[in-house]
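Just so it is clear, none of the values below were taken in a lab; they were calculated from the coordinates. The structure presented is a predicted model; accordingly, all values stated were derived computationally and were not measured. FYI the Cβ positions are ideal-geometry reconstructions off the backbone, even for glycines, and counts take in every protein chain you see.
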Amino acid sequence: MSTFPGQRRDKLLSLEWRPTASFENLLLRSQLLSAIRAFLGERGLTEVETPACSSAAATDPALDSLTTRYTGPGAPTGLPLYLHTSPEFAMKRLLAAGSGPIYQICKVFRDGEAGRYHNPEFTLLEWYRPGYDHHRLMDEVSALVHRVVARPLSDTRMSYKELFQLHLGIDPHNASMAALRGCALERGITNVDGLRITDSDTWLDLLLTHCIEPEMGPGILLVYDFPASQASLARIRPGTVPLAERFELYLDGVELANGFHELADAREQKRRFLQDLEKRRRLNRPVPPADERLLAALETGLPECSGVALGIDRLLMRIAGAEHIEQVLSFPIARA
Amino acid sequence: MASYSTNEFKGGLKVMLDGDPCSIIENEFVKPGKGQAFNRVKIRNLKTGRVIERTFRSGETLEAADVMEVELQYLYNDGEFWHFMDQQSFEQFSADVNAVGESQKWLKDQDVCMVTLWNGSPLSVDAPNFVVLTITETDPGLKGDTSGGGGKPATLETGAVVRVPLFVQTGEMIKVDTRKGEYVSRAKEG
């Protein structure tokens, strides 16, 4: 029964109207946002806003966009729009236009993601530092986390290769698929063949999430220099083993932030877009339009820079000691 | 038969895994920001009772298991099967030793049990939490000892053996907690 004619009350959706977060945690969120703005403001970054709805979308095969539609002046027949999965492309266009160091705190949207550490709509802090490489930006991300987490934190830094050698005794850049499978079996992951894994990166993701992350322990861990095949939008440093100048920050074993020494080469960016779209087609996944405006901006010239995106909700979970993301969100997806 | 994707997995959902009916206990979504999404699922095999952890790629599906829990009255044992009846429909069900398992030693005719049915056949039988049974044999114990300290073994009408206080005698009825297999108290006749 619904109060409104024609509006079905879905039995699956709870009619619970109250927030899932305590007011203590909502206050902590407010204080965290203020502390972040103070930290970045002191360091000379400018807060910016960019559109949440875009005519182009992230092509990354690991991300799916939510979609909407605008109809009205300028779009009489309706314009399909993609809710951003991060403000990266628009912020890079600002950088290419000469903005200098900028940050943004905004809601971003990812289809298909809900769980203890995921909500399809969440708050991201993203910032860019012209002139920084990924190591210098790691220093700054770490300083921010130390500032906002009110307890002493250990601070460890190691390469992706060192991380895998430490926890699993394997070299992630050279191990064969058979060796990665063997490692998963040895670590007690049953039914590995039922997962139908056909590439090294998926094996590495499986080992990272199932075997390494649970062993990480408390404190800050910065992992850098990822396999080139996991570069995403990072530049690749040539070498015997080419490495992506990408990093991840973990706090108490929870992935909080991902950063890049940003790819600035328009031709290489276009090649990666095409490669992503090809992979999406192969996997029968939605194939959204790639961002031509970003490519045009890169052709004009993106300053040498590094950028990082940090999940505010997860950071808040660690500050509040929350076990589930719902404890720090006023209304998670099931009550949205 | 219907199937469920990992997006529908939640505690209590009954699915088929490796040919056995299972009940999902917990479903955790794990995904590196730039990588493959997995579901780490804790699942109980309803045949063996064992809990295992299994990882799925997000979006994979499992076939639904036709499993339901019903209250049935225990009728009798014919030497091979234990027979039960639905008190509303009078439909009868027979359970084998695998389904009855440890519960067999607490089953007394007319007691109502929770029975899990898979494709209409009993998969497991849970005895009532408390049953009242008659002691068929126990040592007389020491005269005048009412302290109950120490205790002694007593064989019950179903064949089960429990420890009882020394003052409890053959022919008496006692209340037993079937989950712990422990004596609770003397029971009134009737």
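When all alpha-carbon pairs of the range A:207-328 are counted, what percent fall beyond 21 Å? Display every interim value, and only then the final one.
Values: 3941 of 7381 pairs.
For the range A:207-328, the share of Cα pairs beyond 21 Å comes to 53 percent.
Pulled fully out, how much extra length does the chain show between B:VAL184 and B:LYS108, if you take 0.36 nm times their separation in residues and subtract their Cα-Cα distance?
25.6 nm
Step through the table entries B:LYS108/B:LYS180; B:LYS10/B:LYS34; B:LYS42/B:LYS108; B:LYS10/B:LYS175; B:LYS152/B:LYS188; B:LYS152/B:LYS180, compare each Cα-Cα distance with 27 Å, and write down the pairs that go over it. Provide the component values of the computation, followed by the final result.
Values: B:LYS108/B:LYS180 17 Å; B:LYS10/B:LYS34 25 Å; B:LYS42/B:LYS108 34 Å; B:LYS10/B:LYS175 37 Å; B:LYS152/B:LYS188 21 Å; B:LYS152/B:LYS180 17 Å.
Result: B:LYS42/B:LYS108; B:LYS10/B:LYS175 exceed 27 Å.
Could you tell me the largest-minus-smallest coordinate of the C-alpha atoms of the range A:1-158 on each of the three principal axes, in descending order and whole angstroms?
57, 42, 28
So which residue, out of A:LEU33, A:LEU298, A:LEU315, gets the largest mean-square fluctuation from a GNM of chain A using Cα contacts under 10 Å as springs?
A:LEU33
What list do you get for B:CYS22, A:CYS106 if you sort them by fewest beta carbons within 10 Å?
In order of increasing Cβ crowding within 10 Å: A:CYS106, B:CYS22.
Have a look at the DSSP beta bridges in chain A and tell me what percent are antiparallel, nearest 5.
Percent antiparallel among DSSP bridges in chain A is about 85.
May I ask you to give the average projected area over all directions of the convex hull of the Cα atoms of the protein assembly as shown, in nm² rounded to one decimal? Intermediate values should be presented prior to the final figure.
Working: hull surface 140.5 nm².
Approximately 35.1 nm², given one-decimal rounding.
To two decimal places, what compactness ratio does chain B give when its Cα radius of gyration is scaled by 2.2 N^0.38 Å?
Values: Rg = 22.0 Å, N = 190, 2.2 N^0.38 = 16.2 Å.
Computed over Cα atoms of chain B, the ratio equals 1.36.
Compute a Gaussian network model of chain A, connecting alpha carbons closer than 10 Å, and tell me which residue from A:GLY307, A:GLY98, A:GLY74 fluctuates the most.
Checking each option, the largest mean-square fluctuation is seen for A:GLY74.
Roughly speaking, what is the stretch gain from A:ARG282 to A:ILE333, that is 0.36 nm per residue apart minus the C-alpha to C-alpha distance, in nm to one decimal?
15.4 nm
Suppose R0 equals 60 Å. What FRET efficiency, 1/(1 + (r/R0)^6) with r the Cβ-Cβ distance, do A:ARG271 and B:SER121 give to the nearest 0.05?
0.50
Which helices, counted as full DSSP H runs in chain A, have an axial Cα extent of no less than 18 Å and a Kyte-Doolittle average of 0.5 or above?
Qualifying helices, which must be both long enough and hydrophobic enough, are A:23-42.
What does the charge count around A:TYR132 come to, taking other residues whose C-beta lies under 13 Å from its C-beta (Lys +1, Arg +1, Asp -1, Glu -1)?
Charge balance in the 13 Å sphere: -2.
Quote the FRET efficiency, to the nearest 0.05, computed for A:THR240 versus B:GLU53 with a Förster distance R0 of 51 Å and r equal to the Cβ-Cβ distance. Could you put the intermediate results ahead of the total?
Values: r = 38 Å, r/R0 = 0.75.
Rounded to the nearest 0.05, the efficiency is 0.85.
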